[in-house]
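A short write-up of the structure that comes next.
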Amino acid sequence: YDLTLAESFQYVKEYWIIIIFAWLIIKKKDLFYIGWAALFTYLLFDDMLGVHEGLATFFLEKFGINSGHIIFGELRYQDFGELAVSLFFGALFLSIIAIAYLRNGKEVRIKFHYLVGGLLLIVFFGVVNDLANRVFSFFSSQIMFEITRLIEDGGEMLGMSVMCWYVYTLTESEPVHSET
């Protein structure tokens, strides 16, 4: 839940990802990480302030659409509005990242492959499972609601932890090889 200890731990991981990218950009002059830093800055503010929820509500109200109207299962216009906002910002940041990917060599591209893999893990749990969770209301199927919520939140926490660890490994100047 928002503003809980677990959610605060998620904010800390996102914050450190941003700090590490900023360090790589400033100290190592790795400008190709600017898109990633911007993306995780957005993710931090979105998690803390509910940016995609607020923007979805704003636009639905501007178009005169009832955000609480149920379309399918328990999915509302609000849920599709939130998905649209997330897709917009995702496309924006991924465009910046794609330009950096295309303008750099093999070493950078390999790092980006791992970063995209981690991002896909976070998106799968944070977006896809969020929609799956909305299909079940707390009242219609409490067990499935709790299971999908656990998968969503736990998976997102795990994905962000893996991403934080990987971004931290980018600070090493040269890979460490074990001698066996």
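The values are calculated or read from the model by the stated rules, or taken from the named source; none is laboratory data. These figures come from a predicted structure and were not determined experimentally. Here the Cβ is made from the backbone with ideal geometry for all residues, glycine too, and neighbour counts use every protein chain on show. All accessible areas refer to the heavy atoms of the entire protein, side chains included, with ligands and DNA or RNA removed. Shrake-Rupley method; radii C 1.70, N 1.55, O 1.52, S 1.80 Å.
Counting residues in the stretch 98-118 that are of a type in the set (Ser, Thr, Tyr) and in contact with a Gly (Cβ under 8 Å, 6 or more places away or on another chain) gives zero. Checked against (1) within 30 Å of PHE136 (Cα to Cα); (2) surrounded by fewer than 19 Cβ atoms within 10 Å (Cβ to Cβ), SER86 meets all criteria but (2). Applying the criterion of being modelled with pLDDT of 90 or more and hydrophobic (A, V, I, L, M, F, W, C) to the residues of the stretch 56-70, the residue that is least open to solvent (accessible area, probe 1.4 Å) is ALA56. The criterion of at least 3 residues that are under 23 Å from TRP165 (Cα atoms) and under 17 Å from the mean Cα position of the chain (by Cα) is met by the following helices (runs of 4 or more DSSP H) wholly inside the stretch 1-83: 5-26, 34-49. Taken together, ILE26, ILE18 contain a single residue that is modelled with pLDDT of 95 or more, under 25 Å from GLU172 (Cα atoms), open to solvent by 20 Å² or more (accessible area, probe 1.4 Å) and in contact with a Ser or Thr (Cβ under 7 Å, 6 or more places away or on another chain), which is ILE18.
Among the residues that make up the stretch 149-163, is at least one of them surrounded by 14 or more Cβ atoms within 10 Å (Cβ to Cβ) and free of Cβ contacts under 8 Å to residues at least 24 places away in the same chain? The answer is yes; a qualifying residue exists. Only a single item in (1) at pLDDT below 90; (2) on the phi < 0 side of the Ramachandran plot is not met by GLY73, and it is number (2). Filter the stretch 118-148 down to the residues that are out of contact with any helix residue (DSSP H, G or I) (no Cβ under 6 Å at 6 or more places or on another chain), surrounded by 14 or more Cβ atoms within 10 Å (Cβ to Cβ) and either modelled with pLDDT of 95 or more or not in a helix (DSSP H, G or I) (or both) and list them by number. Answer for the stretch 118-148, where residues must be out of contact with any helix residue (DSSP H, G or I) (no Cβ under 6 Å at 6 or more places or on another chain), surrounded by 14 or more Cβ atoms within 10 Å (Cβ to Cβ) and either modelled with pLDDT of 95 or more or not in a helix (DSSP H, G or I) (or both): LEU119, SER137, SER141. Are any of the residues in the stretch 71-80 open to solvent by 80 Å² or more (accessible area, probe 1.4 Å), of a type in the set (Ser, Thr, Tyr) and free of Cβ contacts under 8 Å to residues at least 60 places away in the same chain? The answer is yes; a qualifying residue exists. Filtering the stretch 81-93 down to residues that are in contact (Cβ under 8 Å) with a residue 12 or more places away in the chain and not charged (D, E, K, R), which residue is farthest from VAL123 (Cα to Cα)? Step by step, filter the stretch 81-93, then rank; the result is GLY81.
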